[in-house]
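Reading through the structure tokens given below for one structure.
The values are calculated or read from the model by the stated rules, or taken from the named source; none is laboratory data. Owing to the predicted nature of the structure, the values given are computational and were not obtained by experimental measurement. Neighbour counts are summed over all protein chains in view; Cβ atoms, including those assigned to glycine, are modelled from backbone coordinates with ideal geometry.
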Amino acid sequence: MKNSTVQKILLFDYVLAAIVTGAVFYLGVTSSLANNLYGVLFLGFIPVFGGINGILIARKWGGFKSAVGRAIIFLSLGLIAWGIGTYIYSGIYNVILQVEVPYPSYADIGYVLALPLWALGMIHLSRATGAKYGLQSSGGKFALLIIPASVIAASYYLLVIVARGGSLTGDDTALLKVILDLTYPLGDVIILTLATLIYGLSYSYFGGVFKKAIYMILSGFVLMYFADFAFSYTTTLGTWYPGDWNDLLFATAMLALSSGVALMDPAFLHKDSTA
């Protein structure tokens, strides 16, 4: 399938997601069939479809034989893992079992697994673009440490001190929720820090041929951080529902990441570099 066709399919599905989000908000429904199918039709489809497309693109780079191929494979596997987590969340819990807001759940296995896969993808991308040398500098190491530490401190304050009144007590499920509430933003910001450093350090590498893809991936991880944080916060307050603005933010992040991976297609890069 041509890359342009993939992009059109992803964009079409995203537009439908936006329409459904607007409709459920306007109608004020929070537990309808449209709410429960949101994850199956949109949140799961976009990353899985984009991830499969990425695996096919990686083959053009030689798969695991090249740093670019490995980067695309791990980024794509991260997308697929996140999408599978969503299918478990929405397909099994929301649709079949009809469980409201199952968090934490077995779906979180897929979500948590996506984080190290994406991190590995960004590490291999740094090697492919030459940014790894910048990451070894004192400034790069400082940013890699101070930015995640600052964000996790802010996340802890808002998610534990503000939303939970400073209490970590409760049953095992409540404690696991707090752990995941902090794990997701921390994982996102580490990946985001890597993406930011890679973008800044490899902007002109290979004539800047990767800059559009990296910029799109960077945007996706920025959106992913805010989406994960908002989900943790709204589920703590009990205001989240399937298909709300937060889910649309997740869909936007998945679209950006899937598009960033698609932009690394050699055919597209060659066309872009000769334009």
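Please enumerate the residues belonging to region 93-133 that are touching a Pro at 6+ places or on another chain (Cβ under 9 Å), at pLDDT below 85 and of a type in the set (Ser, Thr, Tyr). The answer is none; no residue qualifies. Given the structure, is Pro148 under 22 Å from Ile80 (Cα atoms), out of contact with any Asp or Glu (no Cβ under 6 Å at 6 or more places or on another chain), at pLDDT below 85 and crowded, with 17+ Cβ neighbours inside 10 Å? Against the criterion (under 22 Å from Ile80 (Cα atoms), out of contact with any Asp or Glu (no Cβ under 6 Å at 6 or more places or on another chain), at pLDDT below 85 and crowded, with 17+ Cβ neighbours inside 10 Å), Pro148 does not qualify. Checked against (1) without any contact (Cβ under 8 Å) to a residue 24 or more places away in the chain; (2) within 21 Å of Phe231 (Cα to Cα), Gly62 meets all criteria but (2). Of the helices (runs of 4 or more DSSP H) lying entirely inside region 1-88, those containing at least 1 residues that are within 14 Å of the chain's Cα centre (by Cα) and farther than 21 Å from Thr252 by Cβ span 67-86.
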